[in-house]
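Just so it is clear, none of the values below were taken in a lab; they were calculated from the coordinates. Being a predicted model, the structure only gives us computed values, none of them experimental. Glycine gets a Cβ as well: all are built from the backbone with ideal geometry, and neighbour counts include every protein chain shown.
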Amino acid sequence: MTRKEVLNILINLSGSLGPFQKMDCMDDYEKMHTDMYNIMDDDSFEILIDILLNPPEVGRIEPEDFEYELKEAITAIGRRNTQNCLEKVKDLLYVEQVRPVIIDVIGGLDCKEGILLLEPLLELENLTDYELVNLACAFGSIGGLKSFKILKKMKVKYADKSSVVLREIDIGLTTLKY
């Protein structure tokens, strides 16, 4: 697929009217997304990463809506080969403009190896509340005892952060229960 074809899919998925206009239920909505992602070949992964790093002008579409669809597409294509995906995105965790999306992608892969990439981020001094929320969600999604222990450490380390951060950490801890 070309960059233009991939962009058209993302724009159609994130358009202001959205797919809800045609959908009778959430299952239809999810099937439509899955069908669109299935159109994308494995080479589309590189194009999606390029779009993330070099976002296009998307007109009237809200940037957050476009970013959401882009993140979902990267995650869906990344699930086809999680090890390859992790290898390709690991360095992007240190690019501030895309870090929140990459954290979400890694969490969405539900792959324990993702913990090894995410945990070192907690040593950074400049993490935003948004990134901390994303990290808490990612660890909660990935699951396992290691994620639980990291969330416990986060709860102590970030005790002075916003209630939103602490709530997401608590949700992860409650979900994982060890």
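Going from the fewest other Cβ atoms within 10 Å to the most, the residues Phe139, Phe66 appear in the order Phe66, Phe139.
Counting lysine pairs in the range 112-178 whose alpha carbons fall under 12 angstrom apart, excluding pairs fewer than 8 residues apart on the same chain, gives 4.
How about Lys4: which lysines have a C-alpha closer than 26 Å to its C-alpha, ignoring those fewer than 8 places off in the same chain? Of all the lysines, those that pass the test against Lys4 - Cα under 26 Å, at least 8 places apart if same chain - are Lys22, Lys31, Lys71, Lys88, Lys90.
Three semi-axes describe the equivalent ellipsoid of the chain; taken as square roots of 5 times the Cα gyration tensor eigenvalues and ordered largest first, they are 29, 18, 16 Å. Estimated purely from DSSP H runs of n ≥ 4, each contributing -39500 (n - 2.57), the mean residue ellipticity at 222 nm for the chain is -20500 deg cm²/dmol once divided by its residues. In this Cβ point-charge picture (+1 for Lys and Arg, -1 for Asp and Glu), the chain has a dipole of about 820 debye about its Cα centre.
Dipole magnitude for the range 1-93: about 100 debye, using +1 per Lys or Arg Cβ and -1 per Asp or Glu Cβ, origin at the Cα centre.
Take every pair of alpha-carbon atoms less than 8 Å apart whose residues are at least six positions apart; their mean separation over the length of the range 112-178 yields a relative contact order of 39 percent.
What fraction of the Cα pairs in the range 92-151, stated in percent, has a spacing above 18 angstrom? Distances greater than 18 Å cover 21 percent of the Cα pairs. Computed over neighbours whose Cβ is under 14 Å from that of Met1, the net charge equals -4, Lys and Arg +1, Asp and Glu -1. Comparing mean-square fluctuations of Val133, Val164, Val98 from a GNM of the chain with C-alpha springs under 10 Å, the top value falls on Val164.
The simple Förster model, with R0 at 45 Å and r as the Cβ-Cβ distance, assigns Ser163 and Asp43 a FRET efficiency of 0.55.
For the range 112-178, the fraction of alpha-carbon pairs lying more than 13 Å apart is 56 percent, rounded to a whole number. Local charge for Ile47 was computed over the other residues whose Cβ lies under 13 Å away, with Lys and Arg +1 and Asp and Glu -1, and equals -3.
Each of Leu176, Pro56, Tyr130 was scored by the projection of its Cα onto the charge dipole of the range 33-178, and the greatest displacement toward the positive side belongs to Leu176; charges sit on the C-beta of Lys, Arg, Asp and Glu.
When the alpha carbon gyration tensor of the range 1-93 is reduced to an equivalent ellipsoid, its three semi-axes come out at 22, 16, 11 angstrom, largest first. For Pro63, the shell of other residues with beta-carbons less than 13 Å away shows a net charge of -4, using +1 for Lys and Arg and -1 for Asp and Glu.
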